[in-house]
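Heads up: the structure comes next, in structure tokens.
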């Protein structure tokens, strides 16, 4: 029997978990949301480990994995904003950055061709900061006040990193597009 579908099934479960996670946050069921987020995070690690360990990486998994990550992050930020636990400016920055990147990728695809994202160190630091902030807020709301006093400065750092990362994407890929389009003339 071929078990190579397991990593993609785990990733698909993470995609599907974004809706219940948002609902739990919107309903202020923070303990349940915290544990769903923990399971989703562990499953993210598990699908990657399993895929690499057994050589079950796939094109579908390569597409689904970042989609699952973005859906869970977006659901978490929106759910916590809806519950008045995160400020509007931060959620707007996080979602706005992703929308700009998505629009840029679509424009690249239409004007140049296949788009192969190459996340920078800044982008990875931004995602890590967003995850740390969400973990801290969810932990506090689930009555695990770990480093509660650190939430405001981590939120500010997350906002700054998100803004810098968005500008970095626009500049880096804008310059690449400019060079690519210049070669075609």
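The values are calculated or read from the model by the stated rules, or taken from the named source; none is laboratory data. Please read all numbers here as calculations on a predicted model, not as lab measurements. All Cβ positions, even for glycine, are placed from backbone atoms using ideal geometry, and neighbour counts span all protein chains on display.
Scan segment 140-155 residue by residue and report those that are more than 22 Å from the chain's Cα centre (by Cα) and either under 15 Å from residue 84 (Cα atoms) or assigned to a helix (DSSP H, G or I) (or both).
Correct list: 148, 149.
Give me the pairs: first residue in segment 53-80 and outside any helix (DSSP H, G or I), second residue surrounded by 21 or more Cβ atoms within 10 Å (Cβ to Cβ), beta-carbon distance under 6 Å, and six or more apart or on different chains, which are they?
Here the result reads 56/7; 57/51, each pair linking segment 53-80 to a residue that is surrounded by 21 or more Cβ atoms within 10 Å (Cβ to Cβ).
If I ask for residues that are without any contact (Cβ under 8 Å) to a residue 40 or more places away in the chain and either closer than 13 Å to residue 129 by Cβ or surrounded by 14 or more Cβ atoms within 10 Å (Cβ to Cβ) (or both), which ones from segment 141-178 would you list?
Residues satisfying the conditions are 150, 151, 153, 154, 156, 157, 160, 161.
Of these, 113, 96, 149, 182, which one is modelled with pLDDT of 90 or more and out of contact with any strand residue (DSSP E or B) (no Cβ under 7 Å at 6 or more places or on another chain)?
Of the residues listed, the single one that is modelled with pLDDT of 90 or more and out of contact with any strand residue (DSSP E or B) (no Cβ under 7 Å at 6 or more places or on another chain) is 96.
Regarding residue 48, is this residue within 20 Å of residue 157 (Cα to Cα) and either buried (at least 18 other Cβ atoms within 10 Å of the Cβ) or in contact (Cβ under 8 Å) with a residue 12 or more places away in the chain (or both)?
In short, no.
Looking at residue 117, is it outside any helix (DSSP H, G or I) and touching a residue at least 12 places away in the same chain (Cβ under 8 Å)?
yes
Within segment 81-111, how many residues are loosely packed, with under 14 Cβ neighbours inside 10 Å and outside any helix (DSSP H, G or I)?
1
Here is a yes/no grid of residues against (1) farther than 23 Å from residue 158 by Cβ; (2) surrounded by 15 or more Cβ atoms within 10 Å (Cβ to Cβ):
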{"residue": "2", "(1), (2)": "yes, no"}
{"residue": "5", "(1), (2)": "yes, no"}
{"residue": "18", "(1), (2)": "no, yes"}
{"residue": "64", "(1), (2)": "yes, yes"}
{"residue": "70", "(1), (2)": "no, yes"}
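Check whether at least one residue in segment 72-84 is at pLDDT 90 or above, touching a helix residue (DSSP H, G or I) at 6+ places or on another chain (Cβ under 7 Å) and under 14 Å from residue 10 (Cα atoms), and report yes or no.
yes
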